[in-house]
C-alpha cells in the first residue's frame, strides 16, 4: 500500500514521526522474503512500540500443533512448554481467532476462559494451560489479532506492561496487519492463496477495498487511471471476479485483504 493511503488507514492518534516509521515498516514487510528478515522487523517493532513481547504464527486449522512461529522478546522456556504440550489446541486467543474475532484484548479473552473453567464443565487441558500460563506470567496485558482463510490461520499476539495507556501499539499493528500477514504467509507458508497476483495488483485491490476510486489510486501510486483499470482487469481475471465489489468480497473471504 502506498504511503499516503496506509497513513490514512492508520489514525490521527499517531504523530508525524510515528506515521513515517509506520510507512517504513510497511514497506519493509512488503519486501521481506526470509525468517531472519521477519524476526529483525519484529525486533524493531517491539523496540519502537515498547512492547514486552510480539509473536506471529501461521499454520493450517487441521494441524494447529504444527503452526510455525516467529517472535521477539518471548520466554524460550514458555515457548518450549507451549509447543510440547500442544497448548495451541486450547489457547483462548487462538480459539477466539478461529471463531471469527479479528482484534481482541488478551486479558479480557483469557479472563472469560478463566470463568468458564471455574463454572463450566471440567476441561483439564484448558485448566492446565491457564495454570501454566499463570506460572509463567502469561496472563498479562496486551492484544492479539488474526485471520482465518482457506483453512489457514495467521495471528499476531502482543504482550505489554501492566497499566500502559499508550495506544500506539494497537494503532500501528492494526494498520500493518495486511502487510504483516502477507509477509508471514510468504515466509512461513510459501504457497500463496493467489500465486499469480502481483504485489501491485494486491495494493490496488487494497485501495479499492478502502473506497478509493481510480483517480485517487492513480495519484497515490503515480500511475495513470488507465493503468489502474488495466491492473484491475487482471485482478478480476485472476480472482474469477465479476466486478469490483465481487473482487473485494473474494479478497476478504480468502484472507488476501484484512478488515
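The values are calculated or read from the model by the stated rules, or taken from the named source; none is laboratory data. Computed from a predicted structure; not experimentally measured. Positions of Cβ are backbone-derived with ideal geometry, glycine not excepted, and every protein chain shown enters the neighbour counts.
Tabulated data
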{"item": "Out of 217, 204, 223, sole residue that is at pLDDT 90 or above, assigned to a loop (DSSP other than H, G, I, E, B) and outside the structural domain of residue 145 (by TED's automatic domain parsing)", "result": "223"}
{"item": "Any pair with Cβ under 7 angstrom, 6 or more apart, that starts in the range 128-152 at a residue that is in the same structural domain as residue 115 (by TED's automatic domain parsing) and loosely packed, with under 15 Cβ neighbours inside 10 Å and ends at one that is modelled with pLDDT of 90 or more and part of a helix (DSSP H, G or I)", "result": "136/78"}
{"item": "Those residues of the range 52-72 which are over 13 Å from residue 154 (Cα atoms) and either touching a residue at least 40 places away in the same chain (Cβ under 8 Å) or crowded, with 18+ Cβ neighbours inside 10 Å (or both), in sequence order", "result": "52, 53, 54, 62, 71, 72"}
{"item": "Matching residues in the range 80-115 - criterion: being over 19 Å from the mean Cα position of the chain (by Cα) and surrounded by 15 or more Cβ atoms within 10 Å (Cβ to Cβ)", "result": "81, 82, 85, 87, 90, 110, 113, 114"}
{"item": "Residue match in the range 10-31 (condition: in a loop (DSSP other than H, G, I, E, B), at pLDDT 90 or above and either under 21 Å from residue 179 (Cβ atoms) or assigned by TED's automatic domain parsing to the domain that holds residue 183 (or both))", "result": "no"}
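A quick yes/no check of all residues on (1) under 28 Å from residue 26 (Cβ atoms); (2) in contact with a strand residue (DSSP E or B) (Cβ under 7 Å, 6 or more places away or on another chain); (3) at pLDDT 90 or above:
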{"site": "63", "(1), (2), (3)": "no, no, no"}
{"site": "67", "(1), (2), (3)": "yes, yes, no"}
{"site": "70", "(1), (2), (3)": "yes, yes, yes"}
{"site": "78", "(1), (2), (3)": "no, no, yes"}
{"site": "102", "(1), (2), (3)": "yes, yes, no"}
{"site": "114", "(1), (2), (3)": "no, no, no"}
